[in-house]
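These notes concern the structure reproduced below.
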Amino acid sequence: MKTVAGKALPRAREDVLTFNDVTSRRAQKLTSQWILGKNGDSSGPLGPMVPAAEVGDLREGLRVRTRVNGELVQDGSTAGIAYTVGDTLSLISHTFTLRPGDLLATGTPAGVGYARTPPWLLHPGDEVEVEVERLGTLCNPIVANDHRLVGNGQ
């Protein structure tokens, strides 16, 4: 049993997966809150997923790399995670109701394109690869808004 927000919970399934933290900077700039830019339809690709027991402790450091069109743009390690997954879950459970299937994204390595000088943004036709040691590589193309599949099944 685990305790979250002072309540005993049955053991949750713990998996680790690769997440491409795609942000719509145009939407993000519409408000001071980042949530609008982080939650567009068909954004946030996931996978591959591996049971946490097979991956080991993230604080020991899994290499995390991002490439855009084959060029390495981020190279970091999970050893740099500021807070453990358990500590983060405990903290957020005081505000959010956690349910089976919920995902927790813990951050991204240095090198975000928007923070570069000059800013480097993704464009339709770009290919992004997110590789995490012991997990594998997630590849996805960047497409224009008029080519995206929206949440209505079209």
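Legend: calculated FRET efficiency, T88 to E14, from the Cβ-Cβ distance at R0 = 22 Å, rounded to 0.05, equals 0.95. Compute the label zone of L72 within the stretch 40-59: residues whose backbone N is under 13 Å from the point 7 Å along Cα-to-Cβ. Label zone hits: none. Local charge for V73 was computed over the other residues whose Cβ lies under 15 Å away, with Lys and Arg +1 and Asp and Glu -1, and equals -3.
Highest mean first, the peptides 127-138, 65-76 sorted by other C-beta atoms within 10 Å per residue fall in the order 127-138, 65-76. Heavy-atom accessible area for F96, with the other protein chains in place and a 1.4 Å probe, reaches approximately 120 Å². Once all protein chains are placed together, S77 keeps about 60 Å² accessible to a 1.4 angstrom probe. With an a/c value of 1.5 or above and a/b not larger than b/c for the gyration tensor axes a ≥ b ≥ c computed over the alpha-carbon atoms, the stretch 10-102 is described as oblate. Per-peptide packing, taken as the mean over residues of other Cβ atoms within 10 Å, places 25-31, 44-50 in the sequence 44-50, 25-31 from highest down.
The values are calculated or read from the model by the stated rules, or taken from the named source; none is laboratory data. Note that this is a predicted model, so its numbers are computed, not measured. Backbone-built Cβ (ideal geometry, glycine too); neighbour counts: all protein chains shown. In case anyone asks, the SASA skips ligands and DNA or RNA and just uses the protein heavy atoms, side chains included. Shrake-Rupley method; radii C 1.70, N 1.55, O 1.52, S 1.80 Å.
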